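Quick notes on the structure that follows.
The values are calculated or read from the model by the stated rules, or taken from the named source; none is laboratory data. Predicted model only: the values in this text are computed from it and were never measured. Glycine also receives a Cβ, built like all others from the backbone with ideal geometry; neighbour counts cover every protein chain displayed.
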Amino acid sequence: MNKLIITFVALMGTVAGVALAADAKAGGEVFNKSCKGCHGPEGATPNEAVSKMLGAPIPVLAAADFQASKTDADIKKAITDGKGKMPKVASVTGSSIDDVVAYVRSIKK
Ligand code: HEC
């Protein structure tokens, strides 16, 4: 009986682990909807026109030096609070935030 309970608990942990892990693929869809317009496809080619309009350079998210200079918390904060000339992205909430962070990490060049 104890064995059964231990197996059950272990199984629940696996299921919860999968559900909680950030999903870069889902994050990519969110990125294309909510970030690409400014940061460009795969965060590689920032939109010049938007950059001019905002009066600020838009960072190349895929760049290795950019990635090295930012923590996951920095990326999250840019989404939830905005950063400088970047307005917060209120449409991205909950686990989608972690998914987008995972996606941004996955596009590193
Ligand atoms: C309206 C255009 C716009 C959109 C939409 C946008 N960004 Fe940005 N982003 C910017 C600009 C401009 C900056 C530079 C801000 C500054 O330093 O003044 C920036 C900066 C950042 C930074 C650097 C933050 C830091 O700590 O320096 C990250 C990370 C980032 N954006 C991620 C994202 C993600 C992820 C999304 C989508 C959820 C997104 N951005 C959507 C324009 C945008």
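Could you count how many residues in the range 79-96 are without any contact (Cβ under 8 Å) to a residue 60 or more places away in the chain and surrounded by 19 or more Cβ atoms within 10 Å (Cβ to Cβ)?
First, pick out the residues of the range 79-96 that are without any contact (Cβ under 8 Å) to a residue 60 or more places away in the chain: 79-91, 93-94.
Those still in the list that are surrounded by 19 or more Cβ atoms within 10 Å (Cβ to Cβ) too: 79, 89.
Adding up the residues that qualify gives 2.
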Complete set of residues in the range 24-52 that are more than 11 Å from VAL100 (Cβ to Cβ) and among the small types (Gly, Ala, Ser): GLY37, GLY40, ALA44, ALA49, SER51
- prompt: Considering only helices (runs of 4 or more DSSP H) fully contained in the range 1-60, which possess at least 2 residues that are at pLDDT 95 or above?
  reply: 24-34, 36-39, 48-54
task: Could you tell me which numbered condition LYS109 fails, if it satisfies all but one of (1) over 14 Å from the mean Cα position of the chain (by Cα); (2) without any contact (Cβ under 8 Å) to a residue 60 or more places away in the chain?
output: (2)
message: Against the conditions (1) farther than 19 Å from ALA22 by Cβ; (2) within 15 Å of the chain's Cα centre (by Cα); (3) surrounded by 15 or more Cβ atoms within 10 Å (Cβ to Cβ); (4) not small (Gly, Ala, Ser), where does PRO41 fall short? Just the number, please.
response: (3)
query: Which one of THR80, THR93 is assigned to a loop (DSSP other than H, G, I, E, B) and either of a type in the set (D, E, K, R) or modelled with pLDDT of 95 or more (or both)?
result: THR93
message: Of all residues being in a loop (DSSP other than H, G, I, E, B) and aliphatic (A, V, I, L, M) in the range 61-77, which is farthest from the chain's Cα centre (by Cα)? Just the residue, please.
response: ALA63
task: Test VAL50 against the stated conditions and say whether it is within 11 Å of the ligand (Cβ to nearest atom) and touching a residue at least 40 places away in the same chain (Cβ under 8 Å).
output: no
- line: The lone condition LYS70 fails out of (1) under 17 Å from ARG105 (Cβ atoms); (2) more than 8 Å from the ligand (Cβ to nearest atom) is (2)
Single unsatisfied condition, ALA64 versus (1) in contact (Cβ under 8 Å) with a residue 60 or more places away in the chain; (2) more than 10 Å from the ligand (Cβ to nearest atom): (1)
